[in-house]
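What follows is a single structure, written as structure tokens, with notes after it.
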Amino acid sequence: MSTDGGDKADLDPKHVGKLVETRLYAINEKKHHDGVILTFFCPQCNHNNTVMKPLIFHNLTMDSFMQAVSGYRLETHVCACGARLTSNNLIIAQYSHYFPETTLDFQAEVTAGSDFVAFYRMDPHGERALIRGTPDFRFMYETFGRVMSAREVWKYAISSALQTRKVQLFNVEKGFTVVAMPGSNPHARVNVREIVGPDWPGDGALVFRLVDYRPDEAAFEDAFPAWMPEYAGEITSGHIDAVAVVDQARILALFKKVLARDGFEFTVKGDVITVNRKPFKAVLSVRDVAREAAYTARSFQDIVDARLDVAMNRIHSAEGLLAAIRRDMPSYTYAIDGDFLEITNPNNGLTDRVNLYTPLPRDGAKLIVSRLREALCKDDKLHPVCRCGKECIVVKSVEPATWLKETPDAFNHVYDEREGAVIVYYVSCGEHTTPVMKTDLAAWLADRAALDAAFEDVLDMLRISVEAHAGRFGRDTVVCVMGNRACDIITHPGFVKGLLDALKVDLGPQAIVYAPLKELVLIYREDAAVENLNAALLDLQTLAAARDLRQTPLDYIELVPLGEGHGIFNLITLPPKPGAAAAAAPLPETARKADESSAGK
Ligand SMILES: [Zn+2]
Ligand SMILES: [Zn+2]
């Protein structure tokens, strides 16, 4: 293989067109910035086979690239017809490196019948220009606006400076010049500007001497001692004055280009770029990029991209954290103060702050939310608010156990499951009554105990309208209660006592409450005789049959303590059944059960 392009075999122009098209596709669609395109001719079936694949470089340099090119001899391919093709069947092998900053493609080609390598420069429109001669660093910069590897250039510059005792200067990309000076002259710190001459970038120029690198300030894992250990001693001892001249204006321009492309809002002040994504922001320093480029010899674009990635991740994680906190604590008020989110519990005025940009562990948002809840919910009473804006009270209602199956999203309601019944929680502003959902509890940062506590607070404000009669059946006093929501009195023992007080009935320290229907309730002492209860139930059924009442099977029984009475009782007479045609519903099942229960106690 020779790098003299002179004896190049002429290719069919149609073939060149296809090759250019394939390479543009590889760059733009496949993102093969380093890639190879091989075209084999199959002598068995007379077909051309074009193969496109990425080239993987651990360390891209002119040397490693040329090594990859010489690997064309090892390329093989199996044709669709089954023939095994080798480099002897190659029509053309094209190895390329694409410079994204300058959108130019460097191509090295080996064609059939020739061992020479031809070099081309291709622009983004597919226009190709043959490169005469061997591409060295200076040539690469002039032709492509970049060298393949600034590190390779550094090493070359330093070794040349040591050998020739002359200043070596190379541009590695636009706005980035490396200079290696033999350091034994008396003017140890020469005027770099004079030495750089016409390549001096102007006002934006920053000069970094590699000898000044202080890892304790801002360490880079891949600073020059890592990739040119052979010259680190020459540099630190002062044998070689290695200087990077970096143009800040060029770095700023790269930032602006990427930020504009990605549609980010930003402001520039001095060498500081602030990316705004309200209410979030990230700050980037042009000078930091210049410093990193100088000591690591990575390309501006690489560093700009990496730093923008970090900045955007910072913004995204802050956004994610804010969204997570808001989702779990929606009823709080929020304010952003610099890097901090200030969260206030509107009920008690307690406030806490969270640094939105703190790096978080995997479920960090959860931990933060639980910490905030703990801090902000001290002595916090539940204050549910209706959709109409009025404050609500908590109320409860009793439903038969079948409610769980019949209510489509029952699992999402807040309820207390009892044997044969379900106590469902509601909030009411007086005008609107809404079931409490589990999501509401989450939003209010409350649990069912807090609802119960809020319910306890309003027991004496609840007005309960029922028709109720106390009657003597044999030696037993039995209270019969009727009403479409009669059963709700069992949502709190205080209501049972409140009703007994309203009726001026004393059943002692505890009583059995039995509800065969949601609309019918019997209250009696646990030692009541079964026959008396049957008589009372019959009486109640007869009464109920004449009233305008729904009939919802329930079958709930409970022994309740009779402590303090609560509730405001309106003792009413229910309207008569319209038409009074329907007969009283027989209740044999529930009656028998009531007997057993009371008899067993
Ligand atoms: Zn074939
Ligand atoms: Zn309301």
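Each value in this text was obtained by applying a stated rule to the coordinates, not by laboratory testing. Being a predicted model, the structure only gives us computed values, none of them experimental. Every residue, glycine as well, gets a Cβ built from its backbone with ideal geometry; the counts of neighbours run over all protein chains shown.
Relative contact order for the chain: 7 percent, from Cα pairs under 8 Å spaced at least 6 residues apart, divided by residue count. A Förster distance of 41 Å, applied to the separation of the beta-carbon atoms of ARG327 and LEU559, puts the FRET efficiency at 0.40. Ordering TYR514, TYR425 by the number of other Cβ atoms within 10 Å of each residue's own Cβ, fewest first, gives TYR425, TYR514. For region 109-167, the alpha carbon convex hull comes to 119 Å³ per residue, rounded to a whole number. Across region 345-355, computed HN-Hα scalar couplings (Karplus, 6.51 cos²θ - 1.76 cosθ + 1.60, θ = phi - 60°) run 7, x, 6, 10, x, 5, 10, 9, 10, 10, 6 Hz from first to last residue, x flagging Gly and Pro. Between region 202-242 and region 358-408, the C-alpha centres lie 58 angstrom from each other.
Taking only the C-alpha atoms of the chain, the Rg (one decimal) and the largest Cα-Cα distance, Dmax (whole number), read 43.1, 127 Å. Remark: the CYS388-ALA453 segment gains 21.1 nm on full extension, using 0.36 nm per residue and subtracting the alpha carbon distance.
Could you tell me which of rounded, prolate or oblate describes region 139-249, using a ≥ b ≥ c as the square roots of the eigenvalues of the alpha-carbon gyration tensor, with rounded for a/c under 1.5 and, failing that, prolate when a/b is larger than b/c and oblate otherwise? In terms of gyration-tensor shape, rounded. Say R0 is 25 Å: what FRET efficiency, to the nearest 0.05, do LYS31 and ASP262 get from their beta-carbon distance? Once rounded, the FRET efficiency stands at 0.90. Taking amide H as placed 1.01 Å from N in the peptide plane, the amide H of HIS47 sits under 5 Å from that of CYS42, each at least 5 places away or on another chain. Positive contributions from Lys and Arg (+1) and negative ones from Asp and Glu (-1), summed over other residues with Cβ under 15 Å from the Cβ of HIS492, come out at -3. The Rg/Rh ratio for region 308-427 is 1.12, where Rg is the radius of gyration of the alpha carbons and Rh is the Kirkwood radius.
Using the Cβ-Cβ distance between ILE568 and ASP337 with R0 set to 60 Å, the FRET efficiency works out to roughly 0.80.
If a spin label sat at a point 7 angstrom from the Cα of GLU319 along the line to its beta carbon, the backbone N atoms of region 261-283 nearer than 19 Å would be those of 261-267, 274-283. Per residue, the convex hull around the alpha carbon atoms of region 249-392 comes to 137 Å³. Ranking of THR39, THR111, THR433 by neighbouring Cβ atoms within 10 Å, starting from the fewest: THR433, THR111, THR39.
For the cross-link pairs LYS174/LYS257; LYS257/LYS278; LYS30/LYS257; LYS31/LYS155, the ones whose C-alpha atoms lie over 25 Å apart are LYS31/LYS155. Extension gain, THR50 to LYS14: 0.36 nm times the residue separation minus the Cα-Cα distance gives 11.6 nm. Modelled spin-label separation between THR134 and SER285, with each label point placed 7 Å from Cα along the Cα-to-Cβ direction: 4.3 nm. What share of all Cα pairs of region 51-137, in percent, falls into each consecutive 5 Å distance bin? The calculated distribution, bin by bin, is 3, 12, 22, 24, 19, 12, 6, 2, 0.
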